[in-house]
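S.K.: Okay, handing you the structure first.
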Amino acid sequence: MEEWTGGSRRPLRMKGDPVTQAWLNRIGTAVPSHDIHAEFVDFARTALADARSRVLFERMAELADIEHRFSFFAPGPKPRDHVLDSDGFYLRRSFPTTGARMALYRDAALSLARQAIHSLDIAKERASITHLIVASCTGFTAPGLDFDIMQDAGLTSSIERTIVGFMGCFAAVNALRLARHIVRSEADAKVLVVNLELSSLHLQERWELEKMLSFLLFGDGCTACLVSARPIGLELKRFRAAVIPRSAELITWHIGDQGFEMHLSGQVPGRIRRWLRDNGAELLAGRAVPDIPLWAVHAGGRSILDGVQNGLALPPDALRHSRDVLREFGNMSSATLVFVLERILRSSKATGDGIAMAFGPGLTVETFTFHRP
């Protein structure tokens, strides 16, 4: 039996038919051209008012295990006592409104998405891509980024489009879960999944230590994935979501008059560590850590990775791909986990079963298992 979908016929799976497996075939990545991490650390030395805060910030910056973060904003000339970036978007004592930030989001987001899709190289599949899923929590427009990508990438106008919005760092898992459901229900589906975040659009003019340490983590980045039934890459297997009790206030993300305002509590790593110690056996589905050679954990920060490592008693090098991504790009919100998966796909030595994990508002823990032949 076939299902008519307005221009093509797709097989409709009947009860009793074997279930199609979904595979993440390949990944393309992109970051903007401006490395702003060292520049931001230098700026913080002047922005923090008291000597004690400056000393603590310097110490935390050294311990962060981040060497590079990228932004589509170019740093402005020194001293930055008035203008932070070369375009004058961030003027001290006159930071832009949310409307001004969203106006900038559309063009900058499409430009970065174009780079990631170019890296993915969809030339041979372009005409056969049936679904587009876009995950982003740093901007909103309508028609949205999904519409802009459809037109810019030359995809058919009948493509089925979905936006996964404002879910934070674990949105990549939701996007891949949705892609898996689509492929398992439509065997010939080919799903383009884009995760794009422009965190540098939401710098706040609040120069106290806690906020500066939060700003220290985040950078801009984009990934593009192709998910289909073709058995190449990573086989996407069991997905699972959980909420850590009494933790909803630890990560919050609200739309304010001057951008999106994030709160990231210092209690998050400890809460994750304790939860994993109590729930690790269920997460591993009865398997032992040595039986799982591949780990893709959202690189939310060094203390987050340490919390996962300690909570699950992982071997020292288990999170090497996550730590490498953190060091080279910082936390790119929902795009970060896919950067880690790309490292695994790129490594010829990375084979066997794996677990992917990401965290976000809730405090929500999203995981899935995968297999690399």
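S.K.: Can you give me the distance in nm between label points at Thr252 and Arg327, each placed 7 Å from the Cα along the Cα-to-Cβ direction?
M.R.: Taking the two extended label points, one gets 3.6 nm.
S.K.: Let me ask another. Cut-off 10 angstrom, C-alpha nodes, Gaussian network model of the chain. Which of Pro75, Pro96, Pro231 fluctuates the most?
M.R.: Looking only at Pro75, Pro96, Pro231, the largest GNM fluctuation is found for Pro231.
S.K.: Shape call for the stretch 223-273 from the C-alpha gyration tensor, a ≥ b ≥ c root eigenvalues: rounded (a/c under 1.5), prolate (a/b greater than b/c) or oblate?
M.R.: Oblate.
S.K.: Okay, moving on. If you take every DSSP beta bridge fully contained in the chain, what fraction is antiparallel? Give it as a percent rounded to 5.
M.R.: 75 percent
S.K.: Collect residues whose amide H, placed 1.01 Å from N in the peptide plane, falls under 5 Å from the amide H of Asp121; neighbours closer than 5 in sequence don't count.
M.R.: none
S.K.: If you count only protein heavy atoms with a 1.4 Å probe, what accessible area per residue comes out for the stretch 64-110, rounded to a whole Å²?
M.R.: 49 Å²
S.K.: Pairwise over distinct Cα atoms, reciprocal of the mean inverse distance: report the Kirkwood radius of the stretch 281-362 in Å, one decimal place.
M.R.: It works out to 12.9 Å.
S.K.: Okay, moving on. Please calculate how many Å² of accessible area the stretch 264-307 carries per residue, with a 1.4 Å probe and no DNA, RNA or ligand atoms counted.
M.R.: 43 Å²
S.K.: Can I ask one more? Please express the Cα-Cα pair-distance distribution P(r) of the stretch 38-118 as a list of whole percents, one per 10 Å bin, running from 0 to the bin with the greatest distance.
M.R.: Final binned percentages: 15, 36, 35, 13, 1.
S.K.: Kindly provide the Kirkwood hydrodynamic radius of the stretch 152-255 in Å, to one decimal, from all pairs of distinct alpha carbon atoms.
M.R.: 16.8 Å
S.K.: Normalized C-alpha radius of gyration of the stretch 225-365, against 2.2 N^0.38 Å?
M.R.: 1.08
S.K.: I've got another one for you. Based on C-alpha coordinates, I'd like the Rg and Dmax of the chain, in Å.
M.R.: 20.8, 72
S.K.: Hey, another quick one. Report relative contact order for the stretch 75-219 in percent, whole number only (criteria: Cα-Cα under 8 Å, sequence separation at least 6).
M.R.: Averaging sequence separation for qualifying contacts and normalising by length gives 25 percent for the stretch 75-219.
S.K.: Evaluate 2.2 N^0.38 Å with N set to the residue count of the stretch 105-201, then give the Cα radius of gyration divided by it.
M.R.: 1.02
S.K.: Still on this structure: Could you please state how large a percent of the accessible area of the chain is carbon and sulfur, counting protein chains only and using a 1.4 Å probe?
M.R.: Of all accessible area on the chain, carbon and sulfur atoms account for 53 percent.
S.K.: Go ahead and set up a Gaussian network model of the chain, Cα springs under 10 Å, then flag whichever of Arg246, Arg273, Arg114 fluctuates most.
M.R.: Judging by the Gaussian network model, the answer is Arg246.
S.K.: Based on Cβ point charges of +1 for Lys and Arg and -1 for Asp and Glu, what charge dipole magnitude is obtained for the stretch 56-120 about its Cα centre, in debye rounded to the nearest 20?
M.R.: 280 debye
S.K.: How big is the gap, in Å, between the Cα center of the stretch 228-303 and the Cα center of the stretch 12-71?
M.R.: Between the Cα centres of the stretch 228-303 and the stretch 12-71 lies a distance of 15 Å.
S.K.: Next question. Taking Cα pairs under 8 Å and at least six residues apart, what relative contact order does the stretch 14-138 come out at, in percent?
M.R.: 30 percent
S.K.: Please tell me the relative contact order of the chain in percent, rounded to the nearest whole number, where contacts are Cα pairs under 8 Å and at least six residues apart.
M.R.: 23 percent
S.K.: Continuing with this model, one more query. Whole-Hz Karplus ³J(HN,Hα) for the stretch 136-143, in order, using 6.51 cos²θ - 1.76 cosθ + 1.60 and θ = phi - 60°, x for Gly and Pro?
M.R.: Calculated HN-Hα couplings, in order: 7, 10, 10, x, 9, 8, 8, x Hz.
S.K.: Please turn the phi angles of the stretch 321-331 into ³J(HN,Hα) values with the Karplus equation 6.51 cos²θ - 1.76 cosθ + 1.60 (θ = phi - 60°), one per residue in order, whole Hz, x for glycine and proline.
M.R.: Result, ordered by residue: 5, 5, 5, 5, 5, 4, 5, 8, 9, x, 8 Hz.
S.K.: With a 1.4 Å probe and all protein chains left in place, how much accessible area per residue does the stretch 138-258 have, in Å²?
M.R.: In whole numbers, the stretch 138-258 has 38 Å² accessible per residue.
S.K.: Give the total of Lys-Lys pairs in the chain with Cα-Cα distances below 30 Å; include a pair only if its members are 8 or more places apart or on different chains.
M.R.: Close lysine pairs found across the chain: 9.
S.K.: How big is the Cα convex hull of the stretch 77-117 in projection, averaged over all directions, in nm²?
M.R.: 3.6 nm²
The values are calculated or read from the model by the stated rules, or taken from the named source; none is laboratory data. Fair warning: this is a prediction, and the values are worked out from it, not measured in the lab. Cβ sites come from the backbone with ideal geometry, for glycine too, and all protein chains shown count toward neighbours. Just so you know, the surface numbers come from the protein's heavy atoms only, side chains and all, with ligands and any DNA or RNA stripped out. Shrake-Rupley method; radii C 1.70, N 1.55, O 1.52, S 1.80 Å.
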